[in-house]
Amino acid sequence: MPVISVRNLRKTYVVGDIQVHALRGVDLDVEAGEFLSVTGPSGSGKSTFMHILGCLDRPTSGQYVLDGQDVSMMSRDALAKVRNHRIGFVFQGFNLLSRTSAIENVELPLLYSRDHIRGADRHARARAALEIVGLLDRSHHHPNQLSGGQQQRVAIARALINNPSILLADEPTGNLDTRTSVEVMDVFQRLNIERGITILLITHEHDIAQYGTRTVAFRDGHIVSDAPNTQRRWAEVEMAALPPLDPSNGGTTNQAAAG
Amino acid sequence: MMRLLMILRVALKALNRNKMRTALTMLGMIIGVAAVIAMIALGKGAQASIEDQIRSAGTNIINVMAGNFMAMGVRQGSGASNTLTPEDAAAIRNQIPTAQYVAAGVSTRNQIIAGHQNWQTRIQGTDVDLPLMRSWPMKYGLFFTPQDVTTAAKVVVLGAVVSTNLFGEETDPTGQIVRIKNQPFKVIGVLASKGAGTGFEDQDDTAMVPYTTAQKKLMGIQHIQNVTISASSAHEVKATAEAIAQLLRTRHKIMDGNNDDFMVRTMEEMAAMRTETTKTMTALLAGIAGVSLLVGGIGIMNIMLVSVTERTREIGLRMAIGARGSDVLTQFLVEAVVLSLFGGSIGIALGFGISWGVTEFLTWPTTISSEAVLLSFGFSAIIGIFFGFYPATKAAKLDPIEALRFE
Ligand SMILES: Nc1ncnc2c1ncn2[C@@H]1O[C@H](COP(=O)(O)OP(=O)(O)O)[C@@H](O)[C@H]1O
Ligand SMILES: [Mg+2]
């Protein structure tokens, strides 16, 4: 059974008198353990699609079944619970709270967990998540003391804190340089292979798409191609080949985050 | 509980982030609450001092005032009628056995001059019974005698404040000559201090002359303005007052159903009247102060609205990672309540300070009541919830994606 199953998904925005058809009937199945790259030109509906998959938005029509449960018409609170427990979301702009340490940023979703988690446990889990992304030594740094790559890895750790089975990422390397992008893609590949987390990752760069197992392409709100990646890239291999810089530091500091 | 503690931490952090703004917002609450506390303290203090004054004046006392401002039709001020006479006072003394002490009285304000010093004060024309019924001892010299009253002697007994202001502290002025309305008066005594304590009317700021002297030499009138009577015991007060009223009605030939041209009030009734007035004043002042509290609340609402707008992206993110609308609502409500309660607490402290200062430097009596403190504290919380609710609902209703996209 696919973890994500989408049928005839449509999203229409109404801006004044104009109707913008962002999604015009999308069908897609994603199996557990897949690493799906979503590509397509700007404005083709990728983000709209991903927001619906991430339960951040609701479709105008169509069906979205997540883990065998229809979530397309769930209540706001029920969607919040799905976002908290079952899905991790990584944004292009990191969206870390400023003036808040990395570890506190990572702990944030636990604040809204429906289970009561004690302070010590929250801390332990946040440390574990930071360790996965290799930033345990930076846990008390604030976002403005971290590079763009590091900030994105903190954001990934935050997405991981509730052990989601699915990780959604909307152009996570969009604000990063090549070298840092490889580092971040390494994190995604390891999460996919070592932990079996299903990953859907938007990118408009063909290169980045090659890190996944399969690529779908959007155009004008439709999926126009869907094929497995034959020449998959491996970030770990590429990183070893790169000339060593500062091993823990990745790239330039980028756009500040929300908060 | 745990959860609330965490939310409280988030709120404190958010408020800490913008210290200046937080402080200014709280200032509105601080001023409002401090004003309410101080006003209530002043009002309560005045009330207490009136009760004190009554107690020190003696509870057996009955006052007869010329004129009747309670009468319908013609509105005369108290003392405006000239139908009350020294003979009425004599009749009360002679015909009512329970009237232990009786003193006819008039009163005027005049300047008293002694050498280069002068002092404006209330000059009471009264009778020899007054210090007896009010248990008012002398500090220096003696009170005037029945003979002084009969002859309208130009003698004066000074209150402690007047004596101090004209002759200095700890100086015995008996035998000195002072001038009132350009006439020489001989100082024959000084009354012991009753202590200020009253705030509005210092009992020691007075000078007493025989009422006959005041009538003829200072005011040029034949009638008197009031009669002060002391009943022989506390149980006799009511009956005595009634008997006095009957006697005066007969003497003034007032028919049944017609309005009296005088008023008889026991000390208790006067106390009740003045307490009532003070209560109204207190409520009025507290109401005005309450308006500033309201303004403080609007300040909180304003700043919370700004905060919600500024933190739209943060709200969007919190929702994206699982915060429900109710979580966001609680967070902003707690922030508003923390603001108002914190401001309220400081305001209460400041209110205490102001009340202390007013008593210390202006010598007005104040009484801080626990009700006022609880009321202000509760009011602060309610204001936080009330004025925080709209901004918090606004935040809670945000759509996560739109909020995240907000610039
Ligand atoms: N909130 C919105 N209101 C109106 N139109 C929108 C909104 N979000 C996206 N769109 C429109 O929907 C289309 C798809 O946008 P999007 O999903 O962001 O594309 P992509 O991520 O592939 O660049 C675009 O034409 C865009 O202008
Ligand atoms: Mg996009």
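No lab work stands behind these numbers, since they all come straight from the coordinates. What you see is a predicted model; the values in this text were computed from it and never measured. Reconstructed Cβ throughout: ideal geometry from the backbone, glycine too, with neighbour counts over all protein chains shown.
What is the percent of Cα-Cα separations in the range B:255-407 that go past 25 Å? Mind showing how you got there, number by number?
Working: 6066 of 11628 pairs.
So the pairs more than 25 Å apart make up 52 percent of the total in the range B:255-407.
Packing-wise, with mean Cβ within 10 Å as the measure, how do A:229-241, B:351-363, B:28-40 rank, highest first?
On the way: A:229-241: 12.2, B:351-363: 15.7, B:28-40: 26.5.
Highest to lowest by the protection proxy: B:28-40, B:351-363, A:229-241.
Please get the size of the charge dipole for the range A:4-249, origin at its Cα centre, with Cβ charges of +1 on Lys and Arg and -1 on Asp and Glu, quoted in debye to the nearest 20.
The dipole of the range A:4-249 has a size of about 600 debye.
Compute the distance in nm between two label points, each set 7 Å from the Cα along the Cα-to-Cβ direction, one at residue A:128 and one at residue A:236.
Computed distance between label sites residue A:128 and residue A:236 equals 2.1 nm.
Using Cα centres only, tell me the gap between the range A:83-161 and the range B:1-51 in whole Å.
Cα centres, the range A:83-161 to the range B:1-51: 36 Å.
Would you kindly derive the ³J(HN,Hα) couplings of the range A:238-244 from the backbone phi angles with the Karplus curve 6.51 cos²θ - 1.76 cosθ + 1.60 (θ = phi - 60°), listing them in order in whole Hz, with x for Gly and Pro?
Along the range A:238-244, the couplings run 5, 5, 5, 7, 5, x, x Hz.
Starting from the Cα of residue B:138, step 7 Å along the direction of its Cβ; do the same at residue B:250; then give the gap between the two resulting points in nm.
Each label point is offset 7 Å from its Cα along the Cβ direction, giving 3.7 nm.
Using r as the Cβ-Cβ distance of residue B:3 and residue B:385, and R0 as 25 Å, what FRET efficiency do you calculate, to the nearest 0.05?
Efficiency, rounded to the nearest 0.05: 0.90.
Starting from 0 in steps of 10 Å, tell me what percent of the Cα-Cα pairs of the range A:55-184 lands in each bin.
For the range A:55-184, the pair-distance distribution reads 13, 40, 32, 14, 1.
How large is ³J(HN,Hα) for each residue in the range B:181-193, as worked out from phi by the Karplus curve 6.51 cos²θ - 1.76 cosθ + 1.60 (θ = phi - 60°), to whole Hz, x for Gly and Pro?
After applying 6.51 cos²θ - 1.76 cosθ + 1.60, I find 6, 6, 10, x, 10, 8, 6, 10, x, 10, 6, 5, 6 Hz.
For residue A:15 and residue A:114 in the same chain, what is the full-extension length gain: residue separation times 0.36 nm, less their Cα-Cα distance, in nm?
Here the segment from residue A:15 to residue A:114 would lengthen by 32.0 nm.
Counting pairs of alpha carbon atoms under 8 Å apart in space and at least six apart in sequence, what relative contact order in percent does chain A give?
It comes to 27 percent, rounded to a whole number.
Using a Förster radius of 25 Å, what is the FRET efficiency between residue B:295 and residue B:369 based on their Cβ-Cβ separation? Nearest 0.05, please.
So the FRET efficiency works out to roughly 0.55.
How far, in degrees from 0 to 90, does helix B:19-57 lean away from the longest principal axis of the Cα atoms of chain B, to the nearest 10?
In chain B, helix B:19-57 runs at an angle near 20 degrees to the longest axis.
If amide hydrogens are placed 1.01 Å from N in the peptide plane, which non-local residues have theirs closer than 5 Å to the one on residue A:36?
Amide H neighbours of residue A:36: A:199, A:200, A:201, A:213.
Tell me what chain B gives for mean residue ellipticity at 222 nm when only DSSP H runs of n ≥ 4 count, each as -39,500 (n - 2.57), the sum divided by the residue total, rounded to 500 deg cm²/dmol. Mind dumping the intermediate values first?
On the way: 12 runs with 221 residues, N = 407.
Estimated from H runs of four or more residues: -18500 deg cm²/dmol.
Could you pull out every one of the lysines with an alpha carbon less than 24 Å from that of residue B:279, ignoring same-chain neighbours closer than 8 positions?
Reachable lysines: B:44.
Using Stokes-Einstein with the Kirkwood hydrodynamic radius over Cα pairs, what translational diffusion coefficient do you get for the range A:4-249 at 25 °C and a viscosity of 0.890 mPa s, in µm²/s rounded to a whole number?
Translational D for this selection: 132 µm²/s.
Considering chain A as a Gaussian network with a 10 Å cut-off on Cα pairs, which listed residue, A:19, A:69, A:92, attains the greatest mean-square fluctuation?
Result: A:19 has the largest fluctuation of those listed.
Rounded to the nearest 20 Debye, what is the dipole magnitude of the protein assembly as shown about its Cα centre when Lys and Arg each give +1 and Asp and Glu each give -1 at the C-beta?
580 debye
In whole percent, what relative contact order does chain B give with Cα contacts below 8 Å and a gap of six or more residues?
30 percent
Using +1 at the Cβ of each Lys and Arg and -1 at the Cβ of each Asp and Glu in the range B:191-336, identify which of B:291, B:325, B:231 lies farthest towards the dipole's positive end.
Highest projection toward the positive end goes to B:291.
Check residue A:218: other-chain or 5+ apart residues with amide H under 5 Å from its amide H, H built from backbone geometry?
A:39, A:40, A:224
What are the ³J(HN,Hα) couplings of the range A:132-149, residue after residue, when phi is run through the Karplus curve with 6.51, -1.76, 1.60 and θ = phi - 60°? Round to Hz, x for glycine and proline.
Rounded to whole hertz, the list is 4, 8, x, 10, 4, 6, 10, 5, 9, 6, 8, x, 6, 9, 10, 6, x, x.
Relative to the longest principal axis of the C-alpha atoms of chain A, give the angle of the C-alpha long axis of helix A:76-85, reported between 0 and 90° and rounded to the nearest 10°.
Once rounded, the angle reads 40 degrees.
Tell me the net charge near residue B:18. Cut-off is 14 Å between Cβ atoms, residue B:18 excluded, with +1 for each Lys or Arg and -1 for each Asp or Glu. Show your work: numbers first, answer last.
Working: positive: A:99, B:13, B:17, B:19, B:21, B:311; negative: B:310, B:314, B:335.
It works out to a net charge of +3.
Could you tell me the distance between the Cα centroids of the range B:123-167 and the range A:202-233, to the nearest Å?
Each part reduced to its Cα centre gives a spacing of 110 Å.
Averaged over B:322-329, how many beta carbons belonging to a partner chain fall within 10 Å of each residue's beta carbon? Each step should come with its number before you reach the end.
Details: counts 18, 7, 11, 3, 3, 4, 2, 0.
Counting Cβ atoms of other protein chains within 10 Å of each residue's Cβ and averaging gives 6.
So if R0 is 30 Å, what FRET efficiency would residue B:272 and residue B:23 give, r being the distance between their Cβ atoms, rounded to the nearest 0.05?
Once rounded, the FRET efficiency stands at 0.05.
For the pair residue B:179/residue A:99, report the inter-label distance in nm, with labels modelled 7 Å from Cα in the Cβ direction.
Here the answer is 7.3 nm between the modelled labels.
Taking the Cα atoms only, what angle lies between the long axis of helix B:267-310 and the longest principal axis of chain B, rounded to 10 degrees?
On a 0 to 90 degree scale, this one is about 20.
Kindly work out what percent of the DSSP beta bridges joining two residues of the range A:4-249 are antiparallel, to the nearest 5. The partial results should precede the final answer.
Details: 23 of 40 bridges.
Among the beta bridges of the range A:4-249, antiparallel pairing accounts for roughly 60 percent.
Considering the zone a paramagnetic label at residue B:150 would reach in this model (a point 7 Å from Cα along the Cα-to-Cβ line), which residues of the range B:203-240 have amide N under 17 Å from it?
B:210-213
Within the range B:251-330, list the trypsin sites (Lys or Arg not before Pro) lying in a DSSP loop whose Cβ has at most 16 other Cβ atoms in a 10 Å radius.
Of the trypsin sites (Lys or Arg not before Pro), the ones in loops of the range B:251-330 whose Cβ has at most 16 other Cβ atoms within 10 Å are B:253.
Find which of B:368, B:85, B:20 sits farthest along the positive direction of the dipole of the protein assembly as shown, computed with +1 on the beta-carbon of Lys and Arg, -1 on that of Asp and Glu, about the Cα centre.
B:85
In the protein assembly as shown, what % of DSSP beta bridges are antiparallel (nearest 5)?
70 percent
Just round it to a whole percent: the fraction of Cα-Cα distances in chain B exceeding 34 Å.
Details: 42307 of 82621 pairs.
When all Cα pairs of chain B are counted, 51 percent exceed 34 Å.
Between their Cα atoms, which of B:216/B:253; B:139/B:186; A:81/B:397; A:11/B:394 are more than 23 Å away from each other?
Values: B:216/B:253 27 Å; B:139/B:186 16 Å; A:81/B:397 16 Å; A:11/B:394 25 Å.
Table pairs above 23 Å Cα-Cα are B:216/B:253; A:11/B:394.
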